[in-house]
Amino acid sequence: MLRQPILLLARSERVKQLVSILPVSSGIVTSYVPGETTQSAVDATAGLADAGLHATLDFLGEDTLDAEQADATVAAYTDLLSSLAARGLTRGAEVSVKLSAIGQALPDNGHKIALENARTICRAARNAGTSVTLDMEDHTTTDSTLAILRELRKDFPETGAVLQAYLHRTEADCRALAYEGSRVRLCKGAYNEPESVAWQDKLDVDLSYVRCLKVLMAGHGYPMIATHDPRMVEIASSLASRYGRVQGSYEFQMLYGIRPEEQRRLAAAGESVRVYVPYGHEWYGYLMRRLAERPQNLTFFARSLISK
Ligand code: FAD
């Protein structure tokens, strides 16, 4: 019931300004974001590597309407990639990029600017010995994001995609992307979407997730199973057996700070596990989406604001 209103607030500039007075060190923020700096992201990656976990790092930011901001985001990624390489961490760490943070939403030539910026990040990732996954945002960007993915894969076939099970179109997108060499992260979807394009009931989203998972696990690509849902993890494991997939021919992914004990349990059982690590000062939209998934945390959030 609270999911929709919280997701609407996630896009409110006024509430963002109010909430952004919270320091990144406040409890609710640090439970999901390790810090604001490149150093904090690299340190978190090193900690995960020590625990046998891979990472994908997201420099927080989205929906930018400022070309200079988009350029600054590209620079943040190239800086991050060289810092990861310098610490010898790129074997187990890649980056996740939101195209709206690197220009996709710009009114003039946004698609083209985002493609060129993504190319720069892919080149830096290649030079550092790793890869990029393109995050998926709201449904108005899906076609543009998949078109950019196709372009990038001509030169950087290692580039990963994200598909969202709540969208009606996604089972077909999974079929189209289940080819050899294709890396696809399947998540449920985190945005406020209309009934015309997305399932609204949790049960329908879960059923779609399982159908999509079957397509990806039966296919020839590399499925990245992004969920904290214990039932989905269990179903993914039985599908791996059904389709004769060995450990390492797919991976589990979870968000930083969510079910860390389960991340370690899966890794100890021999599974590949990657943790999504967001960092930077633009944490507002990300935090609101996490609160929408778990409104129980609202009290914790309100307490952080009051004690500020
Ligand atoms: P849910 O049914 O929401 O949750 C299952 C269980 O997980 C809950 O019962 C609870 O125990 C635990 N849990 C879930 N959320 C929280 C939380 N916030 N705090 C504490 N516990 C929680 N979405 C996109 O739209 N685009 C993306 O590019 C994208 N990338 C992602 C990358 C990764 C690695 C992951 C894990 C998720 C990503 N998401 C993305 C978010 C995703 O779409 C879901 O919104 C989110 O993962 C919650 O769905 P769930 O599968 O965990 O299941």
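Here the scattering of segment 6-141 is modelled by Debye summation over its C-alpha atoms, one equal scatterer each and no solvent; at q = 0.16, 0.17, 0.21 Å⁻¹ the log10 of I(q)/I(0) is -0.90, -1.00, -1.32. Evaluated on the chain, the Kirkwood hydrodynamic radius is 19.6 Å, with distances taken between all distinct Cα atoms. For Lys154, the lysines whose Cα falls under 18 Å of its own Cα, not counting residues fewer than eight places away in the same chain, are Lys112. Across the chain, Cα pairs under 8 Å and at least six residues apart give a relative contact order of 25 percent. Consider all pairwise Cα distances in segment 155-230 and report the whole-number % of them above 16 Å. For segment 155-230, the share of Cα pairs beyond 16 Å comes to 44 percent.
The helix-only estimate of mean residue ellipticity at 222 nm for the chain, built from DSSP H runs of length n ≥ 4 each weighted as -39500 (n - 2.57), is -15000 deg cm²/dmol after division by the residue total. For segment 138-212, applying the loop criterion from DSSP together with a ceiling of 14 other beta carbons within 10 Å to the chymotrypsin sites (Phe, Trp or Tyr not before Pro) yields Tyr179. Within the chain, the longest segment free of exposed loop sites, counting GluC sites (Glu not before Pro) that fall outside DSSP classes H, G, I, E and B and have at most 12 other Cβ atoms within 10 Å, spans 1-179. I'd like the distance separating the alpha-carbon centroids of segment 53-99 and segment 153-199, in whole Å. Rounded to whole Å, the Cα centres lie 21 Å apart. By the rule of a C-alpha distance below 19 Å, with chain neighbours fewer than 8 residues away ignored, the lysines paired with Lys202 are Lys188, Lys214.
Bear in mind these aren't lab numbers, they're just calculated from the coordinates by the rules spelled out. Everything numeric here is computed off the predicted structure, so don't read it as measured data. FYI the Cβ positions are ideal-geometry reconstructions off the backbone, even for glycines, and counts take in every protein chain you see.
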